[in-house]
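What follows is calculated from the coordinates using simple rules that are stated; it is not laboratory data. All values derive from a computational prediction rather than experimental measurement. We place every Cβ from the backbone using ideal geometry, glycine too, and count neighbours over all the protein chains shown.
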Amino acid sequence: MKVVIQRVSQASVTIEGQVIGEIANGYMILLGIEHDDNKNDIIWLIKKIINLRVFGDEDGKMNKSIRDVEGSILLISQFTLHASTKKGNRPSFIKAARPQQAIPLYESFIASLIEEGINVQTGEFGGDMKVSLINDGPVTIIIDSKNKV
């Protein structure tokens with residue numbers, strides 16, 4: 001699994017002109033699921049995400065977690081994070097999990113965040129979404145569960 005985490009002061013996702021998910025302070029996370037991902041990838045990533053200290057403390061240093069600031073998460077499924085551009089100019093998505101595998105993992109990822117006490121808003125898996133955000137900082141971090149070391 002791969003995530004792109006952006007610290008935001010606000011973010012929203014719209015489908016056909018309707019806002020379906022919206023947050024203020026927190027993370028907008030793009031989640032890409034590979035065909036060989038499993039529950040262990042979710043557990044590891046959730047721990048990283050909720051403990052990541054990228055919010056400012058009283059001295060303005062990045063020292064607080066999303067829990068510390070009572071932030072929210074807007075989670076968007078994003079199979080294109082697993083694009084391969086090695087050959088030619090048209091990306092290949094061969095590593096991305098197919099929906100029958102990815103949807104249960106996506107739903108489990110959401111449930112795991114909620115179990116941790118995080119307010120989670122989402123897009124629509126496979127939907128044609130328009131994502132809007134104000135990247136605070138900007139702070140953008142990429143984490144891949146295949147690179148744990």
**Asked** So what is the relative contact order of region 2-144, in percent, for Cα pairs below 8 Å that sit 6 or more residues apart?
**Response** 38 percent
**Message:** Please list, by residue number, every one of the trypsin sites (Lys or Arg not before Pro) in region 22-98 that is coil in DSSP and has at most 14 other beta-carbon atoms within 10 Å.
**Reply:** Arg53, Lys61, Arg67, Lys86, Lys87
**Asked** Give me the Kirkwood hydrodynamic radius of the chain in Å, from all C-alpha pairs, to one decimal place?
**Response** 15.8 Å
**Request:** Work out from phi, with θ = phi - 60° and the Karplus expression 6.51 cos²θ - 1.76 cosθ + 1.60, the ³J(HN,Hα) of each residue of region 128-140, listed in order in whole Hz, and give x for Gly and Pro.
**Result:** 7, 9, 10, 9, 10, 7, 10, 6, 8, x, x, 10, 9
**Item:** Listed residues Pro91, Gln121, Val131: farthest to the positive end of the dipole of region 68-149 (Cβ charges)
**Value:** Pro91
**Gain in span if fully extended, Gln100 to Asn25, counting 0.36 nm per residue against the direct Cα distance** = 23.8 nm
**Prompt:** So which residue, out of Ser12, Ser72, Ser108, gets the largest mean-square fluctuation from a GNM of the chain using Cα contacts under 10 Å as springs?
**Reply:** Ser108
**Asked** Between region 1-75 and region 78-119, how many Å separate their Cα centres?
**Response** 15 Å
**Asked** Over the Cα atoms of region 53-134, how large are the radius of gyration and the largest Cα-Cα distance (Dmax), in Å?
**Response** 16.5, 49
**Prompt:** When the helix-only estimate is applied to the chain (DSSP H runs of n ≥ 4, each -39,500 (n - 2.57), divided by the residue count), what is the mean residue ellipticity at 222 nm, nearest 500 deg cm²/dmol?
**Reply:** -6500 deg cm²/dmol
**Request:** Can you tell me the equivalent ellipsoid semi-axes for region 32-99? Use √(5λ) from the Cα gyration tensor, largest first, whole Å.
**Result:** 32, 15, 10
